[in-house]
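**Q** Next up is a structure, given as structure tokens.
Nothing in this text is a laboratory measurement; each read-out follows from the coordinates by a stated rule. Note that the structure is predicted; figures quoted are calculated from it, not measured. Ideal geometry is used to build each Cβ from the backbone, glycine not excepted, and the neighbour counts take in all protein chains shown.
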């Protein structure tokens, strides 16, 4: 295979990590909404935790994106 | 920007660093670049805004004064909630980090401006500073006892050989995840805007409407991301400091 083509395929494959980030972020916000609708008074106190969870879930996916960028431009 | 000379500019060209003033320090290139210029401008604006907003300290704040007060209380609340009253020692530093990143993020969204936080070296420098300060504070406050952070209480002893390397890795990887999150969010957002700007330029007139509308909506979302990422960076700074000051509470 042409090495250039392999590089692009590899970068595309590395972006698969973002699937997990998508699932994770959706899960966190979905669970937060479900919890917030059941007990709205407790929702604001958990907002910071929500964002932390969001950030942590997103980070794992972004590592994959970073690998893709390193492959493409590194 | 992709707007000039359609098709000849890639979406990554907006991140190019250009030298404004050539400087050389013992063989190291420390030129004043467009990135440095944006940082200086942002810093100057923050300082001027804060001094101007607080120049007349009214009991009933004027509009501009309440902006300064709100941002102060926002971060002060975050610091107190995450680290406790002891954490107010770190407040000026945490506040500076927040405002600096927020202003740089929002500045980068103005078309034609250079997005400083889209370069990993900038965010990594900030993140490694946070990590070094947190580690230093931890060892300074707890001495060698700070190493207990890697061996959580209540974990059965036979699990320790697995837990300690995991905790150690997650601690050492903190500056990387901390910086990559900010950098990747800003960079991905700007690349996306540029790609859709390219569509808007290249397509015939009937195709321009959808990408232009998408860009307007996406710029709004990017504004949210700019704030959210500055906020998350600051919250994580507080959490790392909390680990150092209070050790798992």
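**Q** Between residue B:32 and residue B:133, how high is the FRET efficiency from 1/(1 + (r/R0)^6) when r is the Cβ-Cβ distance and R₀ = 35 Å? Nearest 0.05. List each step's numbers first, then the result.
**A** Values: r = 27 Å, r/R0 = 0.77.
According to the calculation, E is roughly 0.85.
**Q** So, one more: How much of the pair distance distribution for segment B:16-68 lies past 12 Å, counting alpha-carbon pairs only, in percent? Spell out each step's value before the answer.
**A** Working: 979 of 1378 pairs.
Summing the P(r) of segment B:16-68 above 12 Å gives 71 percent of all pairs.
**Q** Right, something else. Tell me the angle of helix B:160-172 to the major Cα principal axis of chain B, expressed in degrees between 0 and 90 and rounded to the nearest ten.
**A** 40 degrees
**Q** Can I ask one more? I need the semi-axes of the equivalent ellipsoid of chain B: take the C-alpha gyration tensor, multiply each eigenvalue by 5, square-root it, list largest first in whole angstrom.
**A** On the way: eigenvalues 273, 123, 77 Å².
The three semi-axes for chain B are 37, 25, 20 Å.
**Q** How far apart, in nm, are the 7 Å Cα→Cβ label points at residue A:45 and residue B:18?
**A** Between residue A:45 and residue B:18, the simple spin-label model gives 5.4 nm.
**Q** For chain A, state the average projected area of the convex hull of the C-alpha atoms over all orientations, rounded to one decimal in nm². If you can, show how the numbers build up before the last one.
**A** Details: hull surface 21.0 nm².
In nm², the orientation-averaged hull projection of chain A is 5.3.
**Q** Now for a different question. Among rounded, prolate and oblate, which fits segment B:75-169 when a ≥ b ≥ c are the square roots of the eigenvalues of its C-alpha gyration tensor, a/c under 1.5 means rounded, and a/b larger than b/c means prolate? Provide the component values of the computation, followed by the final result.
**A** On the way: a/c = 2.89, a/b = 1.82, b/c = 1.59.
Cα axes put segment B:75-169 in the prolate bin.
**Q** Shape verdict for segment B:137-192, please, from the Cα gyration tensor: rounded (a/c under 1.5), prolate (a/b greater than b/c) or oblate. Walk me through the numbers on the way to the answer.
**A** Details: a/c = 4.77, a/b = 2.04, b/c = 2.33.
Because a/c hits 1.5 or more and a/b fails to exceed b/c, segment B:137-192 counts as oblate.
**Q** Could you tell me which of rounded, prolate or oblate describes segment B:1-146, using a ≥ b ≥ c as the square roots of the eigenvalues of the alpha-carbon gyration tensor, with rounded for a/c under 1.5 and, failing that, prolate when a/b is larger than b/c and oblate otherwise? Show your work: numbers first, answer last.
**A** Working: a/c = 2.23, a/b = 1.34, b/c = 1.66.
Taking the square roots of the gyration eigenvalues as a ≥ b ≥ c, segment B:1-146 is oblate.
**Q** Determine by what factor the alpha-carbon radius of gyration of the protein assembly as shown differs from 2.2 N^0.38 Å, reporting the quotient.
**A** Working: Rg = 22.1 Å, N = 323, 2.2 N^0.38 = 19.8 Å.
The reported ratio for this selection is 1.12.
**Q** Right, next: When chain B is treated as a GNM, springs tying every alpha-carbon pair under 10 Å, which of B:161, B:152, B:111 comes out with the largest mean-square fluctuation?
**A** Looking only at B:161, B:152, B:111, the largest GNM fluctuation is found for B:161.
**Q** Follow-up. Can you give the average number of partner chain beta-carbon atoms within 10 Å of each beta-carbon in peptide A:55-65, as a whole number? Present the calculation step by step, with values, prior to reporting the outcome.
**A** Working: counts 12, 4, 0, 7, 9, 1, 2, 9, 6, 1, 5.
The per-residue average across the peptide is 5.
**Q** Can I ask one more? Which percent of Cα-Cα pairs in segment B:96-234 sits in each 10 Å bin, short to long?
**A** 11, 30, 24, 18, 11, 5, 1
**Q** Ranked highest first by the average count of other Cβ atoms within 10 Å around their residues, in what order do B:135-144, B:79-88 fall? Present the calculation step by step, with values, prior to reporting the outcome.
**A** On the way: B:135-144: 13.8, B:79-88: 17.0.
For the peptides B:135-144, B:79-88, the packing ranking is B:79-88, B:135-144.
**Q** Starting with the fewest neighbours, write out B:225, B:47 ranked by other beta-carbon atoms found within 10 Å of each beta-carbon. Intermediate results must be reported in sequence, preceding the final value.
**A** Values: B:225 18, B:47 10.
Ascending number of Cβ neighbours within 10 Å: B:47, B:225.
**Q** Quick one: plug the Kirkwood hydrodynamic radius of segment B:163-208 (C-alpha pairs) into Stokes-Einstein at 20 °C, 1.002 mPa s, and report D in µm²/s.
**A** Values: Rh = 13.4 Å.
Diffusion coefficient, whole number: 160 µm²/s.
**Q** Can I ask one more? What is the distance, in nm, between label points placed 7 Å from the Cα along the Cα-to-Cβ direction at residue B:223 and at residue B:25?
**A** Label-label distance for residue B:223 and residue B:25, simple model: 3.8 nm.
**Q** How much FRET efficiency would the formula 1/(1 + (r/R0)^6) give for residue B:168 and residue B:52, where r is the Cβ-Cβ distance and R0 is 51 Å, rounded to 0.05? Walk me through the intermediate numbers first.
**A** Details: r = 47 Å, r/R0 = 0.92.
That gives a FRET efficiency of 0.60.
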